[in-house]
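Participant: Here it is, the structure, as structure tokens.
Quick note: the coordinates plus some simple rules give every number you see, no bench work behind them. Here the structure is a predicted model, which means the values were calculated and not measured. Cβ atoms come from the backbone with ideal geometry, glycine included; neighbour counts cover every protein chain shown.
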Amino acid sequence: MALKTPEEFEQSLKKLKPRVFMNGRKVEDILENRNTRTVVEANKASYAWALDPNHKEIMSCYSPLVKEQVNRYTHVSRSRDELVKKAEAGTFTAENLGTCIYRCVGYDAFHSLASTTWEMDRDLGTAYHPRFMEYLRMVQENDLSVAGALTEPRGSRNKKTLDWPDPYLSLKVVEKNKEGIVVRGAKINISGAYASHELVVLPQSAHSQGEEDYAIAFAVPSDTKGITYVCQYTPYSAERDMADDLQELGNPLFGQRETSMVIFDHVFVPWERVFHCGEHRYSAKLVTRFAKTHRMTCGGTCKVGFMNQIIGAAKLIQEYKGLEKASHINEQLTEMVVLRETGRACGLAAAHKGAEDPEGSGVFLPDEMMGNVAKLNICNAFWRAMALAGDIGGGLVVTMPSLKELKNPEVKDYVEEFYSFGSDEPTENIMKVHKLLQNWTAGLHGVGTWHGAGPVMAQKIMLQRVIDFSHEKNLVKKTLRLKEKKSEQ
Ligand SMILES: Cc1cc2nc3c(=O)[nH]c(=O)nc-3n(C[C@H](O)[C@H](O)[C@H](O)COP(=O)(O)OP(=O)(O)OC[C@H]3O[C@@H](n4cnc5c(N)ncnc54)[C@H](O)[C@@H]3O)c2cc1C
């Protein structure tokens, strides 16, 4: 059984007992809590699409590992064509959820682990790769949802890890024994982890000699003893908590992007789930391979899907207002489409230019340059799309009253009348579309898009490492027939 139904996925979550806190209280049941439920719904949808005849070609694929069809979010790409499908799956998932994909960080971490464990075994004679592939087989056979955790609290950024007064601001091995390792520390901003079956953990950054205890990668079930989730809580969380009717929220079913801090308090990890432990030179490889894969996802696939939601809402509002012929609005909508297509083009280019990395590993990763360009480009493009949508939407994007006023006998007739633009459209629809745009333009998505997969400086640093200007210099030398340096003449 490699593909679970959405109902089986929900049943399987009931067996897990993650320790979750939100808004100062314990979340007794993540399926019942209104905010954590949104993550369950989002993950559940990915199970439905993998079985849906209309979407299964993108959302599932054949796995040679288990010799049957698996959810694409559990598969490691083995060709450029699969990287392209990966990109398409990202856009499809994001545009239909209108929120975080949640499963993409784990999926991208799988790519990095498959590639780097293979390389470590080749270079160091370790046995991590078969161990990781065995783990992946188990994930695929049981069709598990896997979240990915890299980001750490960290200490003062102008000091090295070993100089921080608290050694646990980066996740650290505190004990090693015959059975496995024990870790202490935390990961922050982790998307949807409590509603996944498993967490796959990578180092956040490169490590040097002396930092071996921080050079770790492993996987654990999400309700492992010692793991605690402290969830984000935002005005949107409070709104959902208090809403009489979820239909009035900007994204009723799938909600906002939900994250949590994941605390590891002396968590035991058996050796068969440890994929990197002490080989500090390979931490950087794990991180950069994850980063280029995830930047393709965040920059060139999921934000393309998000922009489709924003463009759709802006277009509807243009029509409600009878502004179809307003040339500046048509220009703005065109600009939004251009921004979206530039994002998509970068994502697809990263996939099409992807390569087996390292050669012989059988693992295909997106192109480093284009993955980073995709993310860097979308950081600004997304703010711009938000601004354009805000202009088209008008002040109502942030001033719309509650949909409950449509049932309030004191004002309902006024609300019906004065929020209808005199159009034939039901006023409720008009109000809901404005709420959706509020969710996109005045909520968590701007900063979320900027920082998810790393802030812009991280992409710029990476680009400066990979850009090689020799081709361009040689072109100029050839065009002008420049002479050799004096010392070389
Ligand atoms: C919605 C959302 C979902 C996320 N989901 C996940 C997830 O599922 N898994 C996961 O692992 N992570 C996740 N992240 C984390 C994300 O990858 C980080 O937020 C991102 O890498 C930025 O790190 P930070 O938030 O600690 O910001 P910081 O690193 O603190 O960045 C803040 C500023 O400080 C600058 N800065 C930081 N360090 C230095 C330095 N040493 N020198 C100079 N300048 C510096 C940065 O350039 C930036 O300008 C998510 C983040 C968001 C917002």
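Participant: In Å and on Cα atoms, what radius of gyration and Dmax does region 144-222 show?
Facilitator: 13.1, 39
Participant: Now, a different point. Assuming R0 = 51 Å, can you tell me the calculated FRET efficiency for the pair TRP271 and THR399, based on Cβ-Cβ distance, to the nearest 0.05?
Facilitator: 0.30
Participant: So, one more: Give me the one-decimal nm value for the distance between modelled label points at LYS67 and LYS15, 7 Å along each residue's Cα-to-Cβ direction.
Facilitator: The two pseudo-label positions are separated by 2.4 nm.
Participant: Hey, fewest Cβ within 10 Å first, where do ARG78, ARG465 land in order?
Facilitator: Arranged by neighbour count, lowest to highest, ARG78, ARG465 become ARG465, ARG78.
Participant: Tell me, what is the FRET efficiency for HIS352 and ASN54 to the nearest 0.05, using R0 = 25 angstrom and their Cβ-Cβ distance as r?
Facilitator: 0.50
Participant: Rounded to the nearest 10 degrees, what's the angle between the helix 303-320 long axis and the longest principal axis of the chain, both from Cα atoms, 0 to 90?
Facilitator: 10
Participant: Roughly what angle does helix 456-466 make with the longest principal axis of the chain, taking Cα atoms, 0 to 90 degrees, to the nearest 10?
Facilitator: With rounding to tens, the tilt is 40 degrees.
Participant: Also, I was wondering about something else. What number comes out for the charge environment of LYS485, summing +1 per Lys or Arg and -1 per Asp or Glu over other residues with Cβ under 13 Å away?
Facilitator: Result for the local shell: +2.
Participant: In addition: Rounded to whole Å, give me the distance from the Cα center of region 273-342 to that of region 25-102.
Facilitator: 17
Participant: Right, something else. Just want the ordering: PHE290, PHE264, from fewest to most Cβ atoms lying within 10 Å of their own Cβ.
Facilitator: With the sparsest Cβ surroundings first, the list reads PHE264, PHE290.
Participant: Moving to a separate point now. So how long is each side of region 1-159 along the principal axes, counting just the alpha-carbon atoms, biggest first, in Å?
Facilitator: Reported extents, whole Å, longest axis first: 53, 48, 29.
Participant: Computed on alpha carbon atoms, what radius of gyration and Dmax characterise the chain, expressed in Å?
Facilitator: 24.1, 92
Participant: When the distances between all Cα atoms of region 286-470 are binned every 5 Å from zero, what whole-number percent does each bin get?
Facilitator: It works out to 1, 8, 15, 16, 14, 11, 10, 8, 6, 5, 3, 2, 1, 0, 0, in whole percents.
Participant: Using the count of nearby Cβ atoms within 10 Å as a rough guide to exposure, how do LYS478, LYS460, LYS321 rank from fewest to most?
Facilitator: Ascending Cβ contact count within 10 Å gives the list LYS478, LYS460, LYS321.
Participant: Once both axes come from the Cα atoms, what is the angle between helix 327-352 and the longest principal axis of the chain, in degrees from 0 to 90, rounded to 10?
Facilitator: Once rounded, one gets 20 degrees.
Participant: Rounded to the nearest Å, what's the spacing between the alpha carbon centres of region 443-489 and region 114-132? Just the number, please.
Facilitator: Comparing the Cα centres of region 443-489 and region 114-132, I get a distance of 31 Å.
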